[in-house]
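K.L.:
Mind looking over this structure? Questions follow.
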Amino acid sequence: MISRILSTALAGLILSGSDVPSQELGGSTAAALSARALPDTIAYPEGIAHDRENGVYYVASAYDGAVARVRIGDNAATLVVPGGRLAPAGADSFPVTLGMKLDGSNRLWIAGGARGNLHVVDAGTGRTVTTLGRSEGPPGLLNDLAITADAAYVTDSSRPILWRVGRHGDGIGALEPWLQLEPAITYGEGPNLNGIVSTPDGGTLIAVQMNTGLLWRIDVATRAVTRIDLGGALLTGGDGLVLVGQRLYATLQGTSEIVAVDLAPGLASGSVVGRLRDARLVAPATAFAADGRLFVVATQFSRMPGGAALRPFNVYDVALSAID
């Protein structure tokens, strides 16, 4: 039986379809999606990280913290981190891993979810380089992260704080509360700030607020937080974000869809220009873009309480042009 703790955690990670109204903009078809089966060692995957140089990606289980390396070319998978190493597996700990990114030193940075910590793992060996914890207060829900040349920025979905870890070469700093988000962003019930990306120069962060559907711009130099005007459109249920030039792709959990947003210069505003909706994208989460395609994790979190998840768990890929 799924514990009450698990049910509470799930409530902070997914939004039901009835909570997330969405308008079809046309043009995309379900046939555009291609499924990539994950190994049985990966259950309820959430985090995904791309290694462009070696043509692989890493995907992590939110249930027990297992991490697998998958070759894009032939889908061959290797277990890098066994389940239970990063955190105890089981309902009382869920979710133990969420957003994940790869840095230039071949290290995976993995948000520790409900445990409120951050893991840094050697992607080649699976060795834990360090686990960073918060110095005080309740654990919160560390959800996603963006890596720049000198820092990693981590969203907290339950507390109005943006966390930061300084990076100096191979050196790793402490997990620090870098920015108090209120009153600029009002935190309410349910999951708040979730997906986050950085512009290529590291000067601006873009984050989505899952429960309200609002998109936010954060200036790193001034720490100013401003809403990105989408002309009334909302990204409710927004989870993963991927930035390709001036186009932002967002996964929406409750409606099983991917939304494309064209951002204006300066990132003050944007327009929704495309959607792809497919029932196979059950609670889609993080994603990355490569070779004109978007790769998206389907977590199946919404099926977890009833034990109705379908094996295998999948990563889906789709041509970016199919979302236009």
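K.L.:
Under a 10 Å cutoff between Cα atoms, tell me which one of Arg223, Arg164, Arg107 has the largest fluctuation in the Gaussian network model of the chain.
P.N.:
It is Arg223.
K.L.:
Rounded to whole Å, give me the distance from the Cα center of the range 306-324 to that of the range 144-198.
P.N.:
27
K.L.:
Quick one: length gained pulling Asp170 to Thr78 fully straight, 0.36 nm per residue minus the C-alpha distance?
P.N.:
Working: separation 92, 0.36 × 92 = 33.12 nm, distance 2.53 nm.
Roughly 30.6 nm would be gained on extension.
K.L.:
Once Rh is set to the Kirkwood radius over Cα pairs, what Stokes-Einstein translational diffusion coefficient, in µm²/s, holds for the range 261-324 at a temperature of 10 °C and a viscosity of 1.306 mPa s?
P.N.:
Values: Rh = 13.6 Å.
In µm²/s, the coefficient rounds to 117.
K.L.:
First measure r as the distance between the Cβ atoms of Gln246 and Ala224, then evaluate 1/(1 + (r/R0)^6) with R0 = 30 Å and state the FRET efficiency to the nearest 0.05.
P.N.:
Details: r = 20 Å, r/R0 = 0.68.
The computed FRET efficiency comes out at 0.90.
K.L.:
If you average 1/r over all unlike Cα pairs in the range 158-297 and invert the result, what Kirkwood radius do you get in angstrom? Could the numbers behind the result be given before it?
P.N.:
Working: mean 1/r = 0.0640 Å⁻¹.
It works out to 15.6 Å.
K.L.:
What percentages, rounded to whole numbers, describe P(r) for the range 69-170 computed over all alpha carbon pairs with 10 Å bin width beginning at zero?
P.N.:
15, 46, 32, 7, 0
K.L.:
Separate question: Work from the charge dipole of the range 208-324 (Cβ charges, +1 for Lys and Arg, -1 for Asp and Glu, about the Cα centre) and give the residue of Ile323, Phe301, Val244 farthest towards its positive end.
P.N.:
Value: Phe301.
K.L.:
Also, I was wondering about something else. Taking the dipole about the Cα centre of the chain, with the C-beta of Lys and Arg at +1 and of Asp and Glu at -1, give me whichever of Ala290, Leu118, Leu33 is farthest to the positive side.
P.N.:
With unit charges placed on the Cβ atoms, the residue in question is Leu118.
K.L.:
Ok, one more. Net charge near Leu79: determine it from the other residues with C-beta under 15 Å of the C-beta of Leu79, scoring Lys and Arg +1 and Asp and Glu -1.
P.N.:
My count for the surroundings of Leu79 gives +1.
K.L.:
I would also like to ask the following. If the chain between Ala289 and Val129 were fully stretched, how many nm would it gain, using 0.36 nm times the residue separation less the Cα-Cα distance? Walk me through the numbers on the way to the answer.
P.N.:
Working: separation 160, 0.36 × 160 = 57.60 nm, distance 2.68 nm.
Length gained, Ala289 through Val129: 54.9 nm.
K.L.:
Pop out the carbon and sulfur fraction of the accessible area of the range 101-190 as a percent, whole number, probe 1.4 Å.
P.N.:
Numbers: 1740 of 3610 Å².
Carbon and sulfur together cover 48 percent of it.
K.L.:
Mind putting a number on the dipole of the chain about its Cα centre? Charges go on the C-beta only, +1 for Lys and Arg and -1 for Asp and Glu, and I need it in Debye to the nearest 20.
P.N.:
Values: 24 positive and 29 negative charges, 80 e Å.
It works out to roughly 380 debye.
K.L.:
So, one more: Just want to confirm a number: the relative contact order over the chain, from Cα pairs under 8 angstrom separated by 6+ residues, in percent.
P.N.:
Numbers: 877 pairs, mean separation 54.0, N = 324.
With pairs under 8 Å counted, the relative contact order is 17 percent.
K.L.:
Let me ask you something else. Taking only protein heavy atoms into account and a 1.4 Å probe, give the accessible area per residue of the range 165-324 in Å².
P.N.:
Values: 5790 Å² over 160 residues.
Averaged over the residues of the range 165-324, the accessible area is 36 Å².
K.L.:
Would you mind counting up the charge near Asn314? Only other residues with Cβ under 14 Å from its Cβ, with Lys and Arg at +1 and Asp and Glu at -1. Walk me through the intermediate numbers first.
P.N.:
Values: positive: Arg36, Arg280, Arg303, Arg311; negative: Asp40, Glu46, Asp278, Asp317.
With Lys, Arg at +1 and Asp, Glu at -1, the neighbours total 0.
K.L.:
Then there's this: Once the mean 1/r over all distinct Cα pairs of the chain is inverted, what Kirkwood radius in angstroms do you read off? The partial results should precede the final answer.
P.N.:
Working: mean 1/r = 0.0521 Å⁻¹.
Taking every pair of different Cα atoms in the chain, averaging 1/r and inverting gives 19.2 Å.
The values are calculated or read from the model by the stated rules, or taken from the named source; none is laboratory data. Everything numeric in this text was worked out from a predicted model, so none of it was measured. Glycine also receives a Cβ, built like all others from the backbone with ideal geometry; neighbour counts cover every protein chain displayed. Ligands, DNA and RNA are stripped out before the accessible areas are found, and what is left, the full protein with its side chains, is counted by its heavy atoms. Shrake-Rupley method; radii C 1.70, N 1.55, O 1.52, S 1.80 Å.
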